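Trainee: Take a look at the following structure, please.
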Amino acid sequence: AQWVGPRSCSPVDLGFESRLGALDELRSELTCPVCLELFREPVILECGHHFCRACIARCWEARSEEGATCPQCRAPCASELRPNSLLCNVVDSVRRARATHTGARVALTTRRAHDWNAGSDYCEEHEEKLKLFCEEDQAAICVVCGMSRLHRTHSVVPIKEAADGYKVELSGSAARGRTPAGTLGPSVTGTPEIMCAADLHSPQEQGAALEDQIAHEFRQLRDFLEREEDQVRGHLRQEKDRRLRQLDESLKRSTEQMALLEMSAEQLELRLRQEENPCSHVCSSTAIWFSGPMGVTLDPDTAYPRLTVSACRTSVCVGEIQPNLPDNPERFTRYNIVLGSQGFLSGRRYWEVEVGDKTAWGLGVAAESVNRKKEISLCPEDGFWTLVLRNGDEYEACTRGVSASTWTTPRGQVSFYDAGDMSHLFTFSDSFSERVYPYFNPCTGFALTWLLCLRSRKKAVG
């Protein structure tokens, strides 16, 4: 490797450059802070700052409401301007000197450009010859760069000394690359000059390696972010499921509490009605008389397909036939009948049924073994003890050969009362040999607002 440099700068060139530098520094001191040009008719204010006469006049005219102040320090001053003749003479001298040296600067610049084109190495910042070599930055620098703050703490050597060191290192590398037979090894082919040229391509290889490393790190970053995203999504799903479970449990507890409150309210209302209308009907302890507080719920598996049982199973309404209902053995398939969920063989039970403005209905009890698929007659012989309302004011007890409230030693009774005034309507007296269930028949019609509501009041249906 051989260093090729331009012809060195002569003392004349260096002196000329120093004069140009001093002239530029003097010019910066003689520049107007408003127009940033050399002073023209300079004037001095009371605060000591200088301006062009025209520049300070324009400033004061633009800010006439603020009065006469210095544009640089904002100090108030007199509106009368004092010319500075000494400064004016200095500015004229600088302006003439710059005109004289302009041609010389152009010539120097042209010559340096020729030197650069001839292959010389100059510092782009200071226009000085690159005479030093920074071992930390691995770059050629000028004398001014070596004294600067950037390279002051670095190891700086003369560039010729650095070149000699690299020549020795490259020669040793070439010797290590030769085979015992005297030929070059597989990794080095050519002279030391060729190896030096190969080293010049190392920045490209380093750049490619750096690109590969950056791509690898970005792939790792993407993988990490994807894993973090999956983990956060998993936590969110778990938190969502936990919150939903909490809401379901809270809703379940609230529903149970509401049911308890409703039951407490019904029991309280039952006690009040008992105090207002004491029961005067007394029967044998062995009789099946439906008295005492009882919470009746409906069994939807027994409901006719046109009947819709509420979710709380305490009301039923008539509507359209519901498709896809299972034809289970408990379901009535020919009449609008639904039974209660709880049956009984003995004891005393009673409940109250709210029928609203319905003009036709049927209430009572039914045996467990009644026929639910064929035509039936609502009489005790077929297992039904019922009372029917027709046309809004006609009550009919479905009996056939069974006496009504005339037996002297009955084994069981089913009695009906008007819950409004507790007036007696009808009583069945019969023997009950199997479990019976509360019986409800909304009859026909599509009065969607009509509901059959069950309450545990005394002597509604007994």
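The values are calculated or read from the model by the stated rules, or taken from the named source; none is laboratory data. As the structure is a prediction and not an experimental result, all values here were calculated from the model. Because the Cβ atoms are built from the backbone with ideal geometry, glycine has one as well, and the counts that use them run over all protein chains shown. When the accessible area is computed, the model is the full protein with side chains, heavy atoms only, and any ligands, DNA or RNA have been set aside. Shrake-Rupley method; radii C 1.70, N 1.55, O 1.52, S 1.80 Å.
So that you can scan it fast, the table gives a plain yes or no per residue for (1) open to solvent by 90 Å² or more (accessible area, probe 1.4 Å); (2) within 30 Å of G295 (Cα to Cα); (3) hydroxyl-bearing (S, T, Y):
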| position | (1), (2), (3) |
| --- | --- |
| D223 | no, no, no |
| E226 | yes, no, no |
| E256 | yes, yes, no |
| L260 | yes, yes, no |
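Trainee: I'm trying to understand the selection: among the residues of the range 341-372, which are over 16 Å from F416 (Cβ atoms) and open to solvent by 70 Å² or more (accessible area, probe 1.4 Å)?
Mentor: Q342, L345, S346, D357, T359, E368, S369
Trainee: Right, here's the next one. Got at least one residue in the range 106-116 being closer than 30 Å to L170 by Cβ and either modelled with pLDDT under 85 or not in a strand (DSSP E or B) (or both)?
Mentor: yes
Trainee: Name every residue in the range 311-340 that is surrounded by 15 or more Cβ atoms within 10 Å (Cβ to Cβ) and closer than 27 Å to Q267 by Cβ, in order of residue number.
Mentor: Once the filter is applied, which keeps residues that are surrounded by 15 or more Cβ atoms within 10 Å (Cβ to Cβ) and closer than 27 Å to Q267 by Cβ, the range 311-340 yields R313, T314, S315, V316, C317, V338, L339, G340.
Trainee: Identify all residues within the range 38-60 that are in contact (Cβ under 8 Å) with a residue 40 or more places away in the chain, among the aromatic types (F, W, Y) and under 11 Å from R82 (Cα atoms); write none if there are none.
Mentor: none
Trainee: Could you please find all residues in the range 276-310 being closer than 27 Å to S423 by Cβ, assigned to a loop (DSSP other than H, G, I, E, B), at pLDDT 65 or above and open to solvent by less than 30 Å² (accessible area, probe 1.4 Å)?
Mentor: Across the range 276-310, the qualifying residue is only V296.
Trainee: Also, I was wondering about something else. If we keep just the residues of the range 200-209 that are open to solvent by less than 90 Å² (accessible area, probe 1.4 Å) and within 19 Å of L170 (Cα to Cα), which is modelled with the lowest pLDDT?
Mentor: S202
Trainee: On to the next question. Among residues belonging to the range 295-351 that are touching a residue at least 40 places away in the same chain (Cβ under 8 Å) and in contact with a Gly (Cβ under 7 Å, 6 or more places away or on another chain), point out the one that is farthest from M263 (Cα to Cα).
Mentor: Among residues in the range 295-351 that are touching a residue at least 40 places away in the same chain (Cβ under 8 Å) and in contact with a Gly (Cβ under 7 Å, 6 or more places away or on another chain), the one farthest from M263 (Cα to Cα) is V318.
Trainee: From the list G119, G103, exactly one residue is out of contact with any helix residue (DSSP H, G or I) (no Cβ under 7 Å at 6 or more places or on another chain), modelled with pLDDT under 75 and outside any helix (DSSP H, G or I). Which is it?
Mentor: G119 is the lone residue from the list that is out of contact with any helix residue (DSSP H, G or I) (no Cβ under 7 Å at 6 or more places or on another chain), modelled with pLDDT under 75 and outside any helix (DSSP H, G or I).
Trainee: Which of (1) open to solvent by 100 Å² or more (accessible area, probe 1.4 Å); (2) modelled with pLDDT under 80; (3) part of a helix (DSSP H, G or I) is the odd one out, the single condition D212 does not satisfy?
Mentor: Result: D212 passes all but (2).
Trainee: If you don't mind, there's one more thing I want to ask. Please go through the range 125-148 and give me each residue that is under 16 Å from D164 (Cβ atoms) and touching a Leu at 6+ places or on another chain (Cβ under 9 Å), ordered by number.
Mentor: A140, the sole residue that qualifies.
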